Structures are given as structure tokens and as C-alpha cells.
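**Student:** Just dropping this structure here.
Here, each number is a calculation from the coordinates, and none is a lab measurement. Note that the structure is predicted; figures quoted are calculated from it, not measured. All Cβ positions, even for glycine, are placed from backbone atoms using ideal geometry, and neighbour counts span all protein chains on display.
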Amino acid sequence: MKKVFFGLIGLMIAFNAVAEDRKFSSPDGRIEVTVSDSDGTPDYSVTYDGNVFILPSPLGLNTSMGEYMSGMTMLPEKEAPRLIEEQYSLKTIKQSQVDYKAVEAVFTFAKDERPVYDVIFRVSDRDVAFRYRLYPRRNTLSCVIFSEATGFQLPQTATAFLCPQVKPGGGFAGTYPSYETGYSLDEPVGKNGWGEGYTFPCLFRNEDKGWILISETGVSSAYCASRLMGEPDGLYTIGYPQEGENNGNGSAAPGIPLPGMTPWRTITLGNSLAPIMETTVPFDLVEPLYEASKEYVYGPGSWSWIIGMDPSTNYDEQKRYIDFTAEMGYRTVLVDALWDTQIGRDRIAELAEYAAGKGVALYLWYNSNGYWNHAPQGPKGIMDNTIARRREMKWMQSIGIRGIKVDFFGGDKQETMKLYEDILADANDYGILCVFHGCTLPRGWERMYPNYASSEAVLASENLHFSQGACDNEAFNACIHPFIRNTVGSMDFGGSALNKYYNADNAPRGSVRRTSDVFALATAVMFQSPVQHFALAPNNLTDAPAWAIDFMKNVPTLWDEVRFIDGYPGKYVIMARRHADKWFVVGINAQKETVKVKLELPMFNAGDRVRLYTDDAGLNGSASEIKVNKKRRFDLEIPCNGGVVIETL
């Protein structure tokens, strides 16, 4: 049960009701936020352990009621900052039990002596978050927000780890943007990607002082999703969707009722990457928007499409994958695109009945469709129409479909956020879980929408099939996601292939996997999502190492705790996850040089028996049982494209 406590903050808060600058601190005192109205321009800044992480950065809104970025005055505080403490449970994120503690401070800004908006700050021991609460003006009870001054001024010596936004209408069948571009790493601040800014989340390194992750949460049908626009001096500002998104339909500027709130903008910071990887801020700041209609079931599954592509979406192959899934002890099979024409609705019902007899359920793929793309894959014309969508979901409920995967969304405009929400809300009415692909980043959705499972929003496993270049860079990309994309929400990657070749025969043609089998096991733990459709194939029961199959049969997809151990974006990652009382320590390496580390792992006890999976220099994997020594110390080596896994027995 959730409990919320409010109280006054003591000596750790310096708060002056008269001075232009007002300061307040995190519960542990290490983060300090300063808010000002100097020269009539609202701004804020952030320090950590006395070091500047965010320099004075602009606040403000330009709305249909007026421009509220300049000529502003910060009014005396109505009440002192207060301490908020909350405990909640959420089994679908990186940490199942969360104890959230933060200081909340509210700053009211006025123009022409009339209060216009509050800026509400929440500061925990690793996160700064803020949002606007806009007041009505006379009889005006709604408004359009044309733009925000909201910015993040990084030190010019900082470096950036960012994913550029693309122009709309490009890519496959005009489906861009879909958060599926590569990252630039360790670049100087002051750029603007390919001219369109950057997609959230955005990671920065503040020299040797620490790390900063900027993102947003709490985006629903009540607002649009945003991006960061880069300026030459290291200032990054909030950018709204591009006009061309959704095939040019709909407004790029959000509208809100008054009084009304914007989403939370979040800054996670620390002197290491641990707060970045371990933050729960996307979920701390939001609440469920409706009750779950049932107890939803999560877990691993399989899908034929990643190996066999479109031709594999046929009745016989899906039946073979159901048998394979049952033998693996998995819960679901994802039947991908074109099932409506290549299998048919009647035979899908037969497959669902057959799967149920094996203790397996189905996910079905759908095109989001509508007027925003030219993607020809079916089923089409269902998920964008309320009447057709609910009729379809009633049919799915009647044959026992577990979930849906909806693909090819149109961008980040408010009306697209409404489509996501409508699909989720309707699916909950019929007890159906939702996975999204070709889509935006989830922004607190695991907590907001109880039947939300996961989103792609990343260069996922399909690219490994399509491109040898993606295979060659698999380890490099995999060493990015735990520090950036997967920090803020579940990531439906669809990987952990054990085929050497990306084809149904596992024959020497097409894309060749460069990474090791141990690497595949490590990423099964490393990439967090409560529903995982792994890129395994029935032939792996005989052509993959028995130890690898045994591991994959038992790998969890729900986690109780995560810990950062070591690593650097794009180079290597070592991290740990806990499921109940069982720990998994995993690592991968993208560097040419073998990573050699000496680690003390306090999650294990001296004398414990653990299973160790390692690679030799030739990426030949093996598994062995070892005893944890008195110092709980492990000397590990991870070759390029290789991995390591330590598993509690």
C-alpha cells in the first residue's frame, strides 16, 4: 500500500522569501537547486557536491494567452518546501519495491503583477524534476502552448551521448520518426544532431565530476512528447514535435485545460553512472491512470519473424514455434505481421487453442495504420479506429490472446499520444497487454498504464537480420542501451539470438552474428523488459550449447533490483540484477582489447556456489561451477564481442 508523508524541511534547506535567488537541497544535501528571476527572466541551476552540473538555465512558456518568458517576477513563497516520502510496488520495472523521498518546492511567477504559473520542483538524492502549473487568465480556461523556454545549460567542457532526431516522413514507408537511429558518443556539446535535435533520454558527462541524464516523464494524451534542441553554447532546450509528423496532420503545439500541468522534465545526476542506471524517476513522479482489469502475466517467449522474416508467418511454422516455446518453458509466441492474410483469423483462433493446450498464449502484431504512413503490412485499419479496435479486442479476448504488438506510429504530437492512450485503455478493458514498435519512448507508462508492457524505441534486433553492419556493431550498441535508452523504460529489443546466421536454416548466408553465446545470455539479463520475445529458434535445441539453452530456459524477465558495477557507454558494461533471492552479474565488451577487471561482489556470500559463464579469446563459451572466496572477489576477462555471466545457484 502506498503511503505519502509531508513535512517541513529543516536546516538542509536555505530558502529566502525576499531575495531573488532561492535555494533548496535534496534530502541528503548533495544536490542544490537555485531558482531566480534575475532581469525578469526565470531560471534555475543545479549543483552536485558543490560542483556545477546545470548552469543557470531558462524557464518559461509562450502560450496563446501571452508570452511568459520575460518580464516575469518570482512571488514570495506560499509555503516552505516539504518532504515527500512514498513507497510503491511495480514489478514491471528495474526495481520492484521503491522508496521515494524528495523535497518539493513551488515557485510562483507573475507578469504584470498577475500570477501566471508555478514551477514545481522535486529533488531526490539523485534526481531533479520540474513541471509547470499554468493558471487560468480571466475567463480563459484552456490554452495552446506554442513553445517553452525550458532549457538545460551544460558546462561547455561537458561531452554528449545522444541519439539524433530524424526528419519526419522518411525511412521505411514514411514511418519516421521512430527513435531508431544510432548514437553519437562523447562529442562536444553545442551541436544539434542532424538539424532536428535529439530524442530523449540524453546523457552527458560533466568531465570527471560525474554524469547527467535528461529526459521527461508523465506524458499522456494531455500533452505532446518533446525532444532536446541543441544550441552552439551548450544550451539544450525543449523542442516540440516537427510539423511534418503524422503526415503533417495535427498540431505540433499541445493544448491544455486551465489550470493545467506540463509533463515532468527530469535530470538524473551523480559522480558515477550508478544513479543513471539505477534511477526510478520516470515512475516516481506519476500515478496509475486506471485500474488493471486483471492480474497480467509477463515472461519470456519466442517469435519466428526475427529469424524467418515474413514467410515464417504461416500456420505450420507458428505451430512449430508454439511447440518450441512449450519445450523452453516460455509463456508466449509473438505472431508477427501479415498473419491476417497468411494465416487468417479462423486459423489464428485454432493456433490460440492449440497454444493454450501447451500452456502458451499468443501476441498478435498490428499496424497502427491511419493517415501517417504507407506501411502495407496487415492487419491495418483497426488500431486507429475506436469501433474497429474494440471489436477486434473483444474477439482477441474470446480466443485467449495475451497481448498485442502495435507498430508504425506517426510521431510525438499530442494526438499520437492520445492514440497510444486509447489503445492502452481499450486493451485493458479486454485484459490485453500492449507492446509498441516503430514508436516513441515510454515516459512513465509502466506505472501510468497497468497493461503497458514495453516499447522498442531503439535500433532493435531486426537490424541484425537486415544488415551485416548492425551485426558488426552489435556489441558497441549493446554497450550503450543500459546507460541511456533502457534507463528510463522497458526496451523491447527482441534479441539474444543463438543462431550463428540470421536465417531459418542457420546456414552460412545472410547476416552473421559476431557476438558470442555468452554475450547473448548476458544481454538477456542486461536488456530490461517484463515481456521478452527472444530471437531463439527451434533448431537451437540441438545446435546451441546445452548450457546456453538451459540458461535461457530459466532466465527471468521480472527484476527486483539493479546495480551498476562498471563500464562506459559504447565500451563495456558490467551490471547486476536480482530476481527474488537470485543474483545475475553480467558483462559484455565492445572494445578490441580484452576487459580485465577485479571485482568485489557483495551480493554473493563467501562459500556460495555460483555458475560462471565465460568466453575464451576465440569466443568459445563454457560454463562452470565455482565457490565464492572469502573476499568475494572475482577476476574476470571479457574479450571483444564476448560476455560473462555469474549466476546464483
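**Student:** Starting with the highest mean, order 31-38, 612-619 by the number of other Cβ atoms within 10 Å, averaged over the residues of each peptide. Write down the numbers at each step before the final one.
**Tutor:** Numbers: 31-38: 19.6, 612-619: 17.0.
Going from most to least packed, we get 31-38, 612-619.
**Student:** Assuming a ≥ b ≥ c are the square roots of the Cα gyration tensor eigenvalues, decide whether the range 184-328 counts as rounded (a/c under 1.5), prolate (otherwise, with a/b larger than b/c) or oblate. Write out the running numbers ahead of the final one.
**Tutor:** Details: a/c = 1.73, a/b = 1.55, b/c = 1.12.
Because a/c hits 1.5 or more and a/b exceeds b/c, the range 184-328 counts as prolate.
**Student:** Need one number: nm distance between label points at D543 and R633, each 7 Å from Cα along Cα→Cβ, rounded to one decimal.
**Tutor:** Taking the two extended label points, one gets 4.4 nm.
**Student:** Could I ask something else about it? Once the piece of chain linking K553 and E327 is laid out straight, how much longer is it, given 0.36 nm per residue of separation minus the C-alpha distance between them? Don't skip to the end; give the middle numbers.
**Tutor:** Working: separation 226, 0.36 × 226 = 81.36 nm, distance 0.88 nm.
Net length gain for the segment: 80.5 nm.
**Student:** Given K319/K582; K319/K553; K94/K631; K167/K191; K571/K598; K553/K630, which pairs have Cα atoms separated by over 22 Å?
**Tutor:** Details: K319/K582 33 Å; K319/K553 19 Å; K94/K631 28 Å; K167/K191 16 Å; K571/K598 17 Å; K553/K630 31 Å.
Result: K319/K582; K94/K631; K553/K630 exceed 22 Å.
**Student:** Something else about it: Relative to the longest principal Cα axis of the chain, at what angle does helix 345-357 sit, 0 to 90 degrees, rounded to 10?
**Tutor:** For helix 345-357, the angle is close to 80 degrees.
**Student:** Spin-label point model (7 Å from Cα, Cβ direction): what's the S64 to A173 distance in nm?
**Tutor:** Result: 3.4 nm between the two label points.
**Student:** Go through 525-534, 352-361 and give me the packing order, highest mean Cβ count within 10 Å leading.
**Tutor:** Details: 525-534: 25.9, 352-361: 17.1.
Highest-to-lowest ranking by the protection proxy: 525-534, 352-361.
**Student:** Then there is this: Let's test the formula: R0 of 22 Å, r as the Cβ-Cβ distance of V297 and R345. What FRET efficiency results, to the nearest 0.05? Could the numbers behind the result be given before it?
**Tutor:** On the way: r = 24 Å, r/R0 = 1.07.
Efficiency, rounded to the nearest 0.05: 0.40.
**Student:** Report the extension gain between S184 and T386 in nm, rounded to one decimal, defined as 0.36 nm multiplied by the number of residues separating them, less their alpha carbon distance. Could the numbers behind the result be given before it?
**Tutor:** Values: separation 202, 0.36 × 202 = 72.72 nm, distance 3.98 nm.
Going from the current span to full extension adds 68.7 nm.
**Student:** What ranking do T332, T47, T280 get, fewest neighbouring Cβ atoms within 10 angstrom at the top? Numbers along the way, then the final one.
**Tutor:** Values: T332 26, T47 18, T280 23.
In increasing order of surrounding Cβ atoms, one gets T47, T280, T332.
**Student:** Sticking with this one: Rounded, prolate or oblate, given the Cα gyration tensor of the range 522-649, with a/c below 1.5 counting as rounded? Working shown, then result.
**Tutor:** Details: a/c = 1.33, a/b = 1.15, b/c = 1.16.
In terms of gyration-tensor shape, rounded.
**Student:** Moving on to the next point. Helix 414-429 versus the longest principal axis of the chain: what is the Cα-based angle in degrees, 0 to 90, to the nearest 10?
**Tutor:** Tilt of helix 414-429: around 50 degrees.
**Student:** Same structure, new question: Take the alpha carbon gyration tensor of the range 179-227, find the square roots of its eigenvalues, order them as a ≥ b ≥ c, and report rounded if a/c is under 1.5; if not, report prolate when a/b exceeds b/c, else oblate.
**Tutor:** Working: a/c = 2.61, a/b = 1.50, b/c = 1.73.
Oblate, because a/c is 1.5 or more while a/b does not exceed b/c.
**Student:** Same structure again: How high is the FRET efficiency from D310 to E287, r the C-beta distance, R0 60 Å, rounded to 0.05?
**Tutor:** Values: r = 41 Å, r/R0 = 0.68.
Computed FRET efficiency for D310 and E287 comes out at 0.90.
**Student:** Please give the contour-minus-distance gain from S89 to K394: 0.36 nm per residue of separation, less the Cα-Cα distance, rounded to one decimal in nm.
**Tutor:** Details: separation 305, 0.36 × 305 = 109.80 nm, distance 2.98 nm.
Gain on extension, S89 to K394, equals 106.8 nm.
**Student:** Compute the long axis of helix 517-526 from its Cα atoms, compare it with the longest principal axis of the Cα atoms of the chain, and write down the angle in degrees, 0 to 90, nearest 10.
**Tutor:** Rounded to the nearest ten degrees, it is 40.
**Student:** Which stretch or stretches of the range 481-525 have amide N atoms under 19 Å from the point lying 7 Å from D560's Cα along the Cα→Cβ direction?
**Tutor:** Residues passing the 19 Å test: 525.
**Student:** Also: Summing -39500 (n - 2.57) over the DSSP H runs of n ≥ 4 in the chain and dividing by its residue number, what mean residue ellipticity at 222 nm do you reach, to the nearest 500 deg cm²/dmol?
**Tutor:** On the way: 15 runs with 116 residues, N = 649.
One gets -4500 deg cm²/dmol as the mean residue ellipticity at 222 nm.
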